[in-house]
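I have placed the structure first, in the form of structure tokens, so that the comments after it can refer back to it.
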Amino acid sequence: MASTTAQVLVLGSGQLARMMSLAVAPLNIDIKAFDVGSENIVHPLTQAVLGHGLVDAIASADVITAEFEHIPHDVLDLCEQSGKFYPTTKAIKAGGDRRIEKSLLDDAKVKNAPYAIINTREDFDAAVATVGLPMVLKSALGGYDGKGQWRLKERAQMDAIWQEMQQCISESPAQAIVAEAFIPFQREVSLVGARSTTGEVKVYPLAENVHTDGVLTLSTAIDEPQLQLQAKQMFEAVADSLDYVGVLALEFFDVDGQLLVNEIAPRVHNSGHWTQQGAITCQFENHIRAVCGLPLGSTECIRPTAMINILGEDSVPNSLLALADCHIHWYGKEKRAGRKMGHINLCGQTKAELDSQLKHVAAILDNDAFPVLKHLIPTKAMKMV
Ligand code: AMP
């Protein structure tokens, strides 16, 4: 490639747009971000306002993409009409509406939890009869990181849960509830991959994910060929059915080695942040390569890597940086309880070295702020042995 400067407009101005911008600066690709809240065009690193109005920004962009799925449909439609938008608006809408997501998974013949859609109390009764108990109830719109969800274990809870669900449904005419069978999974894994404009697919190794209170806290790249193959086939089925272009993430439940898709994210994903240090080409660069019509970079894992999310904290001890292969990524956001403020990527030359690195990090960090690391620190009793 010559020193072509491509102008990419990203819908959304959070950390994902920021990390896309950092990843593709060496390719001379310039990212501007559309802040959906203020409707300003902003610099993805500084948040400085660069312009107002989406129409002009669309006109001056070569390519348009998105960093999150909760985007007003009129904005999406405007972008789609320009012919510059990737992936498809259908994929973005599926990521933002669990009803569309579920029917898409069914159409692609990809295994997912049995479900029913609830709009009324009668639907709720019917869902309990068809889906069975226990079940997980999720708002169709606007739910993420475990928000807008209820667990129904027994019929006696139905009236109380219905009160809350009814309130949720009444907040928007488009809202509904998706009732899903509770899946007794052993662990959660995800597959992040990219599909190019020519239909080429490259996926990263699966990541094993730990959630704390519904929010991702730890993600570790794993090397499990059988599971990888299964996940890749499901990824291709979904990506091909959408004629997808860009990075896509599939989140799975692992039930005795059998994968069921929990969610799809039509974008770069938190469980793919480890690729910044652990893969030949990171997910952010590959997303922009894909939407700009460039060849995809290798998704090969170069060393065992894990990612720890920094939630609600705006500083960590500098001694972390003294560890070999420990990388801190801040998002430049104002501190707020529970907010994703940054992440730490940690690598080792071997799995054993990564495990020992994780123990070092756990000992350095305040473990009330990083509960996921608590089990890695030897207890006092163990230390005395
Ligand atoms: P979600 O927002 O759909 O990713 O759900 C948040 C978390 O709730 C998931 O990461 C799972 O740990 C759990 N969960 C969601 N759906 C189910 C289900 N059908 N069965 C069991 N656990 C679930």
Legend entry - Cβ pairs under 7 Å, 6+ apart, first in the stretch 322-348 and within 13 Å of Arg18 (Cα to Cα), second small (Gly, Ala, Ser) and at pLDDT 95 or above: His329/Gly342; Trp330/Gly342; Tyr331/Gly342; Met341/Gly312
Legend entry - Pairs, first charged (D, E, K, R) in the stretch 252-274, second in a strand (DSSP E or B) and within 12 Å of the ligand (Cβ to nearest atom), C-beta under 6 Å, six or more apart: Asp254/Arg187; Asp254/Val189; Glu263/Glu251
Inset, instruction - Go through Ile302, Ile264, Ile310, Ile288 for me and flag whichever is over 30 Å from Leu242 (Cβ atoms) and among the aliphatic types (A, V, I, L, M). - result: Ile310
Legend entry - Asn318 vs. criteria polar (S, T, N, Q) and exposed (fewer than 13 other Cβ atoms within 10 Å of the Cβ): yes
Inset, instruction - Could you tell me whether the stretch 92-100 includes any residue that is assigned to a strand (DSSP E or B), not assigned by TED's automatic domain parsing to the domain that holds Thr5 and not polar (S, T, N, Q)? - result: yes
Inset, instruction - Output the residue which, of all residues in the stretch 129-175 that are aliphatic (A, V, I, L, M) and under 13 Å from Tyr115 (Cα atoms), is farthest from the ligand (Cβ to nearest atom). - result: Ala129
Legend entry - Total residues in the stretch 189-208, condition within 16 Å of the ligand (Cβ to nearest atom) and surrounded by fewer than 20 Cβ atoms within 10 Å (Cβ to Cβ): 1
Legend entry - Residue that is farthest from Gln276 (Cα to Cα), among those in the stretch 22-77 that are of a type in the set (D, E, K, R) and in a strand (DSSP E or B): Asp35
Inset, instruction - Identify the single condition in (1) near the ligand (Cβ under 10 Å from one of its atoms); (2) in contact with a Leu (Cβ under 6 Å, 6 or more places away or on another chain) that Pro114 does not satisfy, given that it satisfies every other one. - result: (2)
Legend entry - Residue match in the stretch 242-259 (condition: of a type in the set (Ser, Thr, Tyr) and either farther than 22 Å from Thr275 by Cα or within 16 Å of the ligand (Cβ to nearest atom) (or both)): no
Legend entry - The listed residue being in a helix (DSSP H, G or I), more than 16 Å from the ligand (Cβ to nearest atom) and in contact with a Phe, Trp or Tyr (Cβ under 9 Å, 6 or more places away or on another chain), out of Ala290, Ala306: Ala290
Inset, instruction - Within the stretch 170-190, identify whether any single residue is part of a loop (DSSP other than H, G, I, E, B), touching a residue at least 12 places away in the same chain (Cβ under 8 Å), under 17 Å from the mean Cα position of the chain (by Cα) and not assigned by TED's automatic domain parsing to the domain that holds Ala362, and answer yes or no. - result: no
Legend entry - Residue tally, condition surrounded by fewer than 22 Cβ atoms within 10 Å (Cβ to Cβ) and either closer than 30 Å to Leu54 by Cα or not basic (Lys, Arg) (or both), over the stretch 105-114: 6
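The values are calculated or read from the model by the stated rules, or taken from the named source; none is laboratory data. In this text, all values refer to a predicted model and were calculated from it rather than measured experimentally. Positions of Cβ are backbone-derived with ideal geometry, glycine not excepted, and every protein chain shown enters the neighbour counts.
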